[in-house]
Amino acid sequence: MTESQIGKLLAGLWSDLGEPAILWQAGAVALCLLVAWWLGRLLQWRAPEHSTDALKHGAAAFRRLVFPLLAMLLLVAGRAALRYWHSTNLLSVAIALFGALAGIRFAVYLLRLSFSQAAWLVAFERSIATLIWAVLALHLTGLLPEIVSWLSEVELAVGKYHLSLWTLLSAAFWVAMTLLLALWAGAALEARLLSAESLHSSLRVVIARLTRAVLLVAAVLVVLPLMGVDLTVLSVFGGALGVGLGLGLQKIASNYLSGFIILLDRSIRLGDMITVDGHYGEVTRITTRYMVVRTLTGLEAIIPNDTLVTSTVLNHSYSDKRVRLAVRVQVAYRTDMPGLLALMIELAQKHPRVLRDPEPTAQVLNLAESGIDVELGFWIEDPERGSQNVRSDVSVAILREFKARRIEIPYPQREVRLLGAGLDLNSHRN
């Protein structure tokens, strides 16, 4: 539909508003919308749970388009039925509006699929589509130029600069559009970088984060001058941001700076087993603000990067992922120690996760009061799968073998002597 056709249609609609026949058109529009809503409720089809992603996306797109498309088809039928008795300008405008609504809903849904990780887009999908459609409806009905003219007359003072409300809204809209484009480009580049196995994992994350930040800043610096906004206006907001960083945001800024330091010096990498702030586990995610440590119990600790830089971190796999475990036991003094030590080494070697190099060792630690303390040490190379389970398996094997060979694990023994007990007995007899 061309602009001249839209102009004729709107002129006819404004003339129809003064005629009683407009009530027939309004009733037909209301009836078509009611029937379309009822049919749309009946046709809300959802794909089965185990369907492919393509089928699920298709079903979701169908649910978004079914109401405006049904409304448009019914309005076309209603216009064909009324055109012989009454003017149908209102129905023609409604057909254009609901056709636009279907296209906008579909476009916003495709945008949501492109930014699948943007939770805010999922939450505000319907609101964004409604806002775009409302602006388009104002344009089609000829009301948008009047609103733009009024917004252009309202000026806001920012320091010594004066900006119209329309300029600020236009700048905000185009900045948002370019930011979305920058985020999409950054996400595509990040996915490509993270799949590049030739680069170190930490270096890939750093390059991806820096690229996204550069794209976002460039988007703002390019769009604002094109919209007629002087970049020196941002100096006011820059000063306020500096005060905020100095007062309340310094911790957040410290976390971001610490995140880049950690990623660049590679002291902590994805997959490392670390102990920090009382949490021991595997590093599963590194961002510019925090790090996620998954403990062996399944809990995930979100640790700010500032904590990792300013406190001591035990990296159990910094230069070598192999970890030494130990099982201690006490045996009786009459035990054959050479045979016992050889037996414990043999039991450790039978476990599939215990390494052969370095080989397990068994040593006498101490000659205690009740028995001899012995330690069995062995190494594993996959601590992310748990270490206590290996220690438990070896301990159970030792207990089982000790029981079969009648090797005694002594209990604490105490010898109690009663001084003067004989004298008291003789005096009692006398």
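The values are calculated or read from the model by the stated rules, or taken from the named source; none is laboratory data. Since the model is a prediction, treat every value here as computed from it, not as a measurement. Cβ coordinates were reconstructed from backbone atoms using ideal geometry, including for glycine residues, and neighbour counts include every protein chain displayed. SASA here: full protein model, heavy atoms, side chains in, ligands and nucleic acids out. Shrake-Rupley method; radii C 1.70, N 1.55, O 1.52, S 1.80 Å.
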For the structure I just gave you, tell me whether L231 is open to solvent by less than 80 Å² (accessible area, probe 1.4 Å) and modelled with pLDDT of 70 or more. no
Residue match in the stretch 218-225 (condition: within 30 Å of K321 (Cα to Cα), modelled with pLDDT of 65 or more and open to solvent by 70 Å² or more (accessible area, probe 1.4 Å)): no
Does E408 qualify as being within 30 Å of Y280 (Cα to Cα), modelled with pLDDT of 85 or more and not hydrophobic (A, V, I, L, M, F, W, C)? no
With the condition kept exactly as written, say whether any residue in the stretch 390-402 is within 27 Å of L264 (Cα to Cα) and within 35 Å of the chain's Cα centre (by Cα). no
Pairs where the first residue, in the stretch 128-146, is surrounded by 14 or more Cβ atoms within 10 Å (Cβ to Cβ) and part of a helix (DSSP H, G or I) and the second is of a type in the set (G, A, S) and modelled with pLDDT of 75 or more, C-beta under 7 Å, 6+ apart: W133/A100; L136/A100; L140/A96
What number of residues within the stretch 281-309 satisfy the criterion of being more than 17 Å from E384 (Cα to Cα), hydroxyl-bearing (S, T, Y) and modelled with pLDDT of 85 or more? 2
Out of curiosity, is L65 open to solvent by less than 50 Å² (accessible area, probe 1.4 Å) and farther than 17 Å from L34 by Cβ? yes
Only one of (1) within 30 Å of D265 (Cβ to Cβ); (2) modelled with pLDDT of 75 or more; (3) surrounded by 14 or more Cβ atoms within 10 Å (Cβ to Cβ) does not apply to T178, and that is (1)
Quick one: G78 ticks every box in (1) more than 30 Å from T178 (Cβ to Cβ); (2) touching a residue at least 24 places away in the same chain (Cβ under 8 Å); (3) open to solvent by 50 Å² or more (accessible area, probe 1.4 Å) bar one, so which box is it? (3)
Would you pick out the residues in the stretch 403-414 that are farther than 14 Å from G339 by Cβ and either open to solvent by 80 Å² or more (accessible area, probe 1.4 Å) or not in a loop (DSSP other than H, G, I, E, B) (or both)? K403, Y411, P412, Q413, R414
